[in-house]
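Here's the structure, in structure tokens; my notes come after.
Just so it is clear, none of the values below were taken in a lab; they were calculated from the coordinates. Just so it is clear, the model here is predicted, and its values are computed rather than measured. As a convention, Cβ positions derive from the backbone with ideal geometry for all residues, glycine included, and neighbour counts pool all protein chains shown.
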Amino acid sequence: MITQVPHPVLEVHDLTVSYDQHPVLWNVDLSLPAGQLIGILGPNGAGKSTLIKSIMGLIQPTSGYIKIFDKPLPDVRSRISYVPQRESVDWNFPASVLDVVVMGTYGKLGLFRRPGKKEVQIAQDALDQVGMMAYSKRQISELSGGQQQRVFIARALAQQADLYLMDEPFAGVDMATETAIFQLLQDMARAGKTVLVVHHDIHSAMNFFEWCIMLNLHLVASGPKDQVMTEELLRKTYGGKLNLLTQVTDLIRKQDFNPLKR
Amino acid sequence: MEDFLYFFTFQDPSITWVVMGITLLGIGSAYVGTFSFLDKKALLGDAISHAVLPGICLGFVLAGEKDPRYIVTGAFLSGALATFLSSWLKQNTKLSEDSIIASILSIFFGIGIVALTALQKSGNPEIAGLNSFIFGNAIGIAEADLFLYGGLSLAILLVLSLFLKEFRLMVFDPGFGKAIGFPMKGIRFIFNVLLILAVVIGIQAIGVVLMAALLITPGAAARFWTDRLQPLLLLAAFFSILSGILGTYVSFVVPQMPTGPWVVVFLSLIALISFIFSPKSGIIKRFIARRSYLNKTHRDHLMKALFKAREVNQGSMTLEEIYALYPFHKKEIAHSLQLLTRQGLVIQDSQGVQLSSLGTSDAMRIVRLHRLWEVYLNEFMNIAPDHVHESAEQMEHLLTPELEALLEQRLNYPALDPHQETIPRESHDL
Ligand SMILES: Nc1ncnc2c1ncn2[C@@H]1O[C@H](COP(=O)(O)OP(=O)(O)OP(=O)(O)O)[C@@H](O)[C@H]1O
Ligand SMILES: [Mg+2]
């Protein structure tokens, strides 16, 4: 059940990604429409983060390619915004909440130029949108996990992009805030932005996403929510181990080279 | 005492030069070192500083004398080789980072010591000066050499201030940096070059064995005092200069005394003092906290006054009007005004003083906290409306965002306070 669209915002073409020896994404081939709030669903270790990282060019794919706005990534970097998983940084770094959110403006600033009043204002607005304005001067180590997550969301908003990639932005975020930010993301989608969110809660996924990607080492489904959020496809995604693929992965790991690499 | 005066009054121009050199060196190595400390790469700095020894010997052999240009180049190259080897080994083997760094440190240093011993046996009379590279001798640095070391320090400072934003990103979130298209590998490379240079400029004054202490200890000690990057860098530089000058003084007074160990003694002392007295341990903290609390109250009061002027549709206030409100705190209010203007929260022009849009939202929050607390006292503690102001006057400076949210929730987002004044939340509440 994979729906392809004409003039996609994001086109992933036959993507295979491996770490060292073992492949974790097999031949993912999908295209996504503009102006939608899109969910990426799948169990732990399904390769959701890997997919996002490959789209961001942080991992070199073994084969296949990715096009964004019909162009290769380096041409459109400034139009893409990225929220990594919160654990990826050291929150003891000496910085205030505002300092971190201002980093969202670095991409447009480019090298060497220092952020000024305008960048601070953009960052303040982004903080306001995630309801963290009152914390702007606080040291980042003094935030709760959910608040740190919201700082990351604010940093992404400060990037003022057209395509947003968010890796579990709601991990540890309370329900009320989650709903509020989901509504914010919906508004952004309505304004023509495309928002991709890795998400674990099927219930709120049902409520908020318009399009869903289901992943478990290979692409199970990609299409409008009503068509893909079926019991059968959900069972295919989450239920049971993908015995065959896992065994093949193990087999490849035992080789001295990666046979999938060209 | 005589020595002390002679040294610190800088009558001797050569002392002035040495102190200037040590100062530049201290700033450079403290800045670079603080970043690598934050990046948890302290060990790498130690490995590099030990690893420059073979290069020093090589430079000496090639020049046939103690020519600083040859020595600096040799030291830089062997430091670079060590850095490259350690990252290559990390990428291409399964060895852990600390075992790689420890091996590189000991192998390079071992080779360096062997080369040094061999040179000493060669009978070249210039060789005596080479020993000072082990533990450092700041006083022995010739004026001409100082220009080389000082120039390199200046270059480090220049590049660092140019790349401040990029290095911050490199340490905090390199993945994000890569995602927004910054050449993070190149930035890391430049940083490594700076790190090696910072080691190289210190080898004659501090010595290869202890140079890592000058890199890492200032930042580590300063970290006890502050949670912000810029003050951290400045404080680290200050600690580094202080111990550098004191160490130089000791080696000036006591003949044959190497500089490096004394610099480290003073650095350790500073680190110890920081550990005991730092804000995190609480002795000076209370004093500073009280001071900054008082300053905050003055700033808050000023912003509140400006906000209230806005509420009654008076655009801005004149300085006289403001001072009239706080007749006993003129000095503090003037100081607060300066600070708020600098932070962009308050705008001063010919008509007087008014809040900026940023300042308005801050001020609104203070007024909101004040009025929320009044409602709380009135509704939940049954205190009469004319008795709630005093307490709110204190709580408005203290309430955290969490408590604010809790108050709002408990009170169910009240519109008015007990004095029938609006509790401001959005800008249209003005
Ligand atoms: N840096 C790495 N090196 C080697 N293997 C990795 C690396 N990162 C991830 N993997 C493996 O790749 C697979 C997919 O990982 P990925 O992080 O993409 O999963 P995920 O769907 O994001 O899971 P989660 O829901 O737990 O975040 C996992 O089996 C994991 O063990
Ligand atoms: Mg993940």
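Summary table below
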read-out: Euclidean distance of C-alpha centroids, the range B:46-94 and the range A:126-170, integer Å; value: 44 Å
read-out: 20 Å binning of all Cα-Cα separations within chain B, expressed as whole percents from 0 upward; value: 22, 39, 26, 13, 1
read-out: Entries of B:K41/B:K66; A:K118/B:K331; A:K137/B:K178; B:K40/B:K66 with Cα pairs more than 28 Å apart; value: B:K41/B:K66; A:K118/B:K331; B:K40/B:K66
read-out: Label zone at B:I273 (point 7 Å along Cα-to-Cβ), backbone N below 19 Å, the range B:28-55; value: B:30
read-out: Residue-averaged [θ]222 nm for chain B, counting only DSSP H segments that reach four residues, each worth -39500 (n - 2.57); value: -23500 deg cm²/dmol
read-out: For chain B, built as a Gaussian network whose Cα springs stay under 10 Å, the top-fluctuating residue of B:F380, B:F60, B:F172; value: B:F380
read-out: Percent RCO, i.e. relative contact order, over chain A, from Cα pairs under 8 Å lying at least 6 residues apart; value: 29 percent
read-out: Least to most buried among B:T259, B:T16, A:T50 (fewest other Cβ within 10 Å first); value: B:T16, A:T50, B:T259
read-out: Built amide H within the under 5 Å cut-off of A:S63, gap 5+; value: A:T16
read-out: Number of partner chain Cβ atoms within 10 Å, mean per residue of B:176-188; value: 6
read-out: Gyration tensor verdict on the range A:40-94 (Cα atoms; rounded if a/c is under 1.5, prolate if a/b is larger than b/c, oblate otherwise); value: oblate
read-out: Hz values of 3J(HN,Hα) by residue in the range A:212-225 - Karplus curve (6.51, -1.76, 1.60), Gly and Pro given as x; value: 10, 10, 10, 10, 8, 6, 10, 7, 7, 7, 8, x, x, 3
read-out: Gyration tensor verdict on the range B:168-245 (Cα atoms; rounded if a/c is under 1.5, prolate if a/b is larger than b/c, oblate otherwise); value: oblate
read-out: Among beta bridges that DSSP assigns inside the protein assembly as shown, antiparallel share in %, nearest 5; value: 60 percent
read-out: Within 10 Å of each Cβ in A:129-136, the average number of Cβ atoms from other chains; value: 3
read-out: Relative contact order (%) - chain B, alpha-carbon pairs under 8 angstrom, separation at least six; value: 16 percent
read-out: Inter-label distance for B:T341 and B:I284, nm, one decimal - labels placed 7 Å from Cα along Cα-to-Cβ; value: 3.0 nm
read-out: For peptides A:146-156, B:403-413, B:242-252, sequence by mean Cβ density within 10 Å, most packed first; value: A:146-156, B:242-252, B:403-413
read-out: Average beta-carbon neighbours from other chains, 10 Å sphere, peptide A:228-236; value: 0
read-out: Selected from B:T226, B:L162, B:M184, residue furthest toward positive end of dipole (the range B:88-244; charges at beta carbon); value: B:M184
read-out: Gyration tensor (alpha-carbon) shape descriptor, the protein assembly as shown, a/c threshold 1.5; value: oblate
read-out: Burial order of peptide ranges B:222-233, A:124-135 (average beta-carbon count within 10 Å, highest first); value: A:124-135, B:222-233
read-out: Footprinting exposure proxy for A:H199, A:H7, B:H387 (fewest neighbouring C-beta atoms within 10 Å first); value: A:H7, B:H387, A:H199
read-out: Among A:G223, A:G42, A:G116, residue whose mean-square fluctuation peaks in a GNM of chain A (springs only between Cα atoms under 10 Å); value: A:G116
read-out: Rounded FRET efficiency, nearest 0.05, which uses the C-beta distance separating B:F84 from B:T400 and R0 of 56 Å; value: 0.70
read-out: Theoretical FRET efficiency, 1/(1+(r/R0)^6), r = Cβ-Cβ of B:V253 and A:M206, R0 56 Å, to 0.05; value: 0.10
read-out: Of A:N44, A:N27, A:N92, the one that fluctuates the most in a GNM where chain A has Cα springs shorter than 10 Å; value: A:N92
read-out: Förster radius 56 Å - calculated FRET efficiency between B:D98 and B:L325 (Cβ-Cβ, nearest 0.05); value: 0.40
read-out: Translational diffusion of chain A, µm² s⁻¹ [Kirkwood Rh, Cα pairs; Stokes-Einstein; 20 °C; 1.002 mPa s]; value: 111 µm²/s
read-out: Label-point separation, A:N92 to B:S122 (7 Å along Cα→Cβ), nm; value: 4.6 nm
read-out: Mean Cβ neighbour count within 10 Å, used as a protection proxy, ranking B:151-160, B:349-358 highest first; value: B:151-160, B:349-358
